1. Express in nm, to one decimal, how much length is gained between ILE139 and LEU298 on full extension, taking 0.36 nm for each residue of separation and deducting their alpha carbon distance.
2. Given the pairs LYS290/LYS453; LYS295/LYS445; LYS193/LYS437; LYS67/LYS445; LYS289/LYS445; LYS94/LYS445, which are separated by over 26 angstrom at their Cα positions?
3. Between VAL99 and residues 5 or more places away or on another chain, which pairs have amide H atoms under 5 Å apart, with H built 1.01 Å from N, and which residues are they?
4. Work out from phi, with θ = phi - 60° and the Karplus expression 6.51 cos²θ - 1.76 cosθ + 1.60, the ³J(HN,Hα) of each residue of segment 220-229, listed in order in whole Hz, and give x for Gly and Pro.
5. Among all helices in the chain defined by DSSP H, which have a length of 18 Å or more along the axis from Cα atoms plus a Kyte-Doolittle mean of at least -0.5?
6. Local charge sum around ILE401 (other residues, Cβ-Cβ under 15 Å, Lys/Arg +1, Asp/Glu -1)?
7. Rounded if a/c is under 1.5, else prolate if a/b beats b/c, else oblate: with a ≥ b ≥ c from the C-alpha gyration tensor eigenvalues square-rooted, which is segment 144-303?
8. Determine, from the Cβ-Cβ distance of GLU280 and HIS82 and an R0 of 35 Å, the FRET efficiency 1/(1 + (r/R0)^6), rounded to the nearest 0.05.
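The values are calculated or read from the model by the stated rules, or taken from the named source; none is laboratory data. Keep in mind that this is a model prediction, so the values were computed, not measured. Here the Cβ positions follow ideal geometry from the backbone for every residue, glycine too, while neighbour counts run over all protein chains shown. Areas reflect the complete protein model, heavy atoms only, side chains present, ligands, DNA and RNA absent. Shrake-Rupley method; radii C 1.70, N 1.55, O 1.52, S 1.80 Å.
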Amino acid sequence: MSALNPPKPQPPTIGFYGIRWLMRAVLATFFRRVYVVGIEQFPIDGPTIVVANHSNQFVDAMMLLTKCGRPVSFLIAEKSMHRPVVGQIARIIKAVPVVRRKDIAATGTGTIAAATPTSSPFTFSITGDATRFLTAVKIGDQISFTSLHFTVTEIESDTVLTAKLSAGESDSGGKVNVNVAITAPTTFKILPKVDHSAMFTHVFDTLAAGGCVGIFPEGTSTDHTQMLEFQAGVAIMALGARVRNINVRIQAVGLNYFHAHKWRSRAVMRFAESFTVSDELVALAESDKKSASQKLLLSIRSHLESVTFQAPSYRVARIVHVGRALYQGDHKLSVSETTELSRRFAIAYNQFADREEIREVINQIEEYSKTLDNLHLHDRDVRNAELGFCRSFWLLFSKLIGIFVYLPLMCLGYIWAFPIIAIASHQARKEMEKAQKTAPTTKQKGLDVVASKEVVVGLVLTPLFYLIYVVIGTIITELALMNGCCGGFGDHLRWIIPVALIVGIPLIVPISLVAGDRFWDARQAIVPIFLSFCNKNSMEELRATRTALQEKVRQLVAENVHELEFGERIIDFGNQDSVMNIFSESMQVDNM
């Protein structure tokens, strides 16, 4: 499609606006608050490729769909188009289906007996036993065994073929993992080569029309604390668009979740500065497409890492968050600043964790974290417990009053929603277990699929139970009228009860959600105050530990901050009573 004669952009349909409204309602129910940072970076028009990290399955797309301010055509796994609810929504928002190798993989006949390195780099002669390579495998297909993927380059016979270790099978040091020793007959899978030409044509036509395409470069969602290896598709799209004289912009969006799988949690969306593909990369692509794609992928990853929190493990993530909280202390930071501070602490951890003096403090932070976990406390609870007797007593009394006020309001919604919550939670646990078994390399606990499953089940069951409750209420009213239990109000109750249920149930939901938030806040605040009364010495020892550890963390930052890779102070408290705000980005808080 020539950029000189681009197709006319298609205006959003009524269905799209309806889905977006529904998604906003769902997110407002699932999340307590979503913070949007740097939205002014997002191009309001023109060809745009939106790239984001993928840590919450379908919820990630919902976040982008509702917050970007313009229609986004997402690339979605073709198998998801056949899922109930998800498939229908994907068609309405004009998602682009993508067939993935792993979705059409098949178990091969026979077993792999040996994989012998050849003289060519990363290439192996693979020998099978009772295999049918000539009929079952084609050049360009992949075969997978021992958690590695090999791209077939030559097929010699039914039992012998040559294959090259696929890109991405490497460790952090850049050395290709060639540990493919086979000690016993090993089963294998065949991943057929997929023709994506039609999909790319659709994408280029959308971009030529000034549209916006969304893609998750990791290719699949994950609950790892670091992004997975990026797939080449996004680079092919961006370079291909430039070759077709489409001046496409690439917009990186970081999706940062606080307990992504939990209801009423919080999330932060951070938009990096958009950028275009340089003329140098376009020229390089003409002679060396692979090198150009790899350089562009590195640039995209760098932009995404600048707006996401990355840690090598859950353990490190916990240490970083507690260390950041200790360093921050009583100083008030916006959510944007808190997220950025955590991101920079993660960078500092990766840079300095091997130093002996820092390793000692890290161990102390880890012990302090374990103590907090055992007492079911957060760092802020220890900090907030440093109050006098009168202040503590008044705070305890006021929080108890709040609990008794908010509890019945919260229960109003929980009672009618209990069947939905129970069924959705059960289905989400099953989905999580299934994800762990089917994709062990990309899932640690399978938490990335929990929220999406709960949302999908909730979308199906909520209107169903809403109708059931209205029908039950109407039937009970009619039975009461037939037995003469309503006196002279019978004729009025016949329509008052159904109308009250139809109107009342939707009103109960937001009231109970807000009341529930207040209830759990009050309950959490009571714990450290109650402990300070019942076990004063223990809390004093914990506060003393925290104060000493806080001083060590701040001292380490002061001594090493000049060596940090980002080359600027994290936050300089100095002797000031307020925090020096070094962040230049603006933030929009979306209460939804």
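1. The span from ILE139 to LEU298 would gain 54.4 nm if fully extended.
2. Table pairs above 26 Å Cα-Cα are LYS290/LYS453; LYS295/LYS445; LYS67/LYS445; LYS289/LYS445; LYS94/LYS445.
3. For VAL99, whose amide H was placed from the backbone, the distant partners under 5 Å are GLU78.
4. With the stated coefficients, segment 220-229 comes to 7, 7, 8, 9, 5, 7, 10, 5, 6, 4 Hz.
5. What comes out of the filter, once short or polar helices are dropped, is 14-30, 289-305, 314-328, 335-352, 389-438, 450-482, 490-534.
6. Its environment carries a net charge of +2.
7. It comes out oblate by the Cα gyration axes.
8. For R0 = 35 Å, the calculated efficiency reads 0.25.
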